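Take a look at the structure set out below.
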């Protein structure tokens, strides 16, 4: 049975663990080897709380949540934007840190597209601001 998506529909929270190993893998995939993403000395030397996750990695994980909500169909996401609000400090341990991504359908247009407000939180702080996407509502409903 396909559920109906309406304004006010809350999308289930998705969580992602981010470790230093993930930062190394992302740096290799993206070509972004800025030392703030791997060197504690450099990161703290420029005033950061420590090594931080790549902003684009954070954005990618939030989009992964959107794809999950859309039943695994990345083509269901027709627009996506955000601003980086706070860095995600990634400790040098085996546990890493956890990013939680939730969503709320703000409106559904006549064409069946849903305006989704995305909330991404790490260590109690919102790390993305003005994060929003347009997703085919049928995909969110599993249809």
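For the stretch 110-137, enumerate the residues that are farther than 30 Å from residue 96 by Cβ, surrounded by fewer than 22 Cβ atoms within 10 Å (Cβ to Cβ) and in contact (Cβ under 8 Å) with a residue 40 or more places away in the chain.
The answer is 134, 136.
Which residues, counting only those in the stretch 81-109, are surrounded by 18 or more Cβ atoms within 10 Å (Cβ to Cβ), part of a loop (DSSP other than H, G, I, E, B) and touching a residue at least 60 places away in the same chain (Cβ under 8 Å)?
Hits for the stretch 81-109 are 88, 90, 96.
Taking the conditions exactly as written (under 13 Å from residue 120 (Cα atoms) and loosely packed, with under 15 Cβ neighbours inside 10 Å), does residue 12 satisfy them or not?
It is true that residue 12 is under 13 Å from residue 120 (Cα atoms) and loosely packed, with under 15 Cβ neighbours inside 10 Å.
Yes/no per residue for (1) at pLDDT 95 or above; (2) more than 15 Å from residue 123 (Cβ to Cβ); (3) touching a strand residue (DSSP E or B) at 6+ places or on another chain (Cβ under 7 Å):
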site	(1), (2), (3)
7	yes, yes, yes
36	yes, yes, yes
50	yes, no, yes
54	yes, yes, no
60	yes, yes, no
77	yes, yes, yes
80	yes, yes, yes
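I'd like to verify a number: residues in the stretch 53-70 that are crowded, with 24+ Cβ neighbours inside 10 Å, over 11 Å from the mean Cα position of the chain (by Cα) and under 27 Å from residue 91 (Cβ atoms), how many?
Of the residues in the stretch 53-70, 1 are crowded, with 24+ Cβ neighbours inside 10 Å, over 11 Å from the mean Cα position of the chain (by Cα) and under 27 Å from residue 91 (Cβ atoms).
Among the listed residues 78, 6, which satisfies the condition of being in a loop (DSSP other than H, G, I, E, B) and either surrounded by 12 or more Cβ atoms within 10 Å (Cβ to Cβ) or under 18 Å from the mean Cα position of the chain (by Cα) (or both)?
Every option except 6 fails the conditions.
Take residue 73 and tell me if it is surrounded by fewer than 19 Cβ atoms within 10 Å (Cβ to Cβ), at pLDDT below 95 and touching a helix residue (DSSP H, G or I) at 6+ places or on another chain (Cβ under 6 Å).
So residue 73 fits the description; yes.
Tell me which residues, restricted to the stretch 21-56, are touching a helix residue (DSSP H, G or I) at 6+ places or on another chain (Cβ under 9 Å), assigned to a helix (DSSP H, G or I) and either under 30 Å from residue 137 (Cα atoms) or touching a residue at least 24 places away in the same chain (Cβ under 8 Å) (or both).
Result: 22, 23, 26, 27, 30, 56.
Can you pull out the residues in the stretch 119-143 that are touching a strand residue (DSSP E or B) at 6+ places or on another chain (Cβ under 8 Å) and modelled with pLDDT under 95?
Across the stretch 119-143, the qualifying residues are 136, 137, 140.
Yes or no: the stretch 60-70 includes at least one residue that is part of a loop (DSSP other than H, G, I, E, B) and under 20 Å from residue 16 (Cα atoms).
Going through the stretch 60-70, the residues part of a loop (DSSP other than H, G, I, E, B) turn out to be 70.
Narrowing the set further to residues that are under 20 Å from residue 16 (Cα atoms) leaves 70.
Yes: the stretch 60-70 contains one or more residues that are part of a loop (DSSP other than H, G, I, E, B) and under 20 Å from residue 16 (Cα atoms).
The values are calculated or read from the model by the stated rules, or taken from the named source; none is laboratory data. Computed from a prediction, not measured in an experiment: that's the story for all the values here. For neighbour counting, all protein chains shown are included, and Cβ atoms are generated from backbone atoms with ideal geometry for every residue, glycine included.
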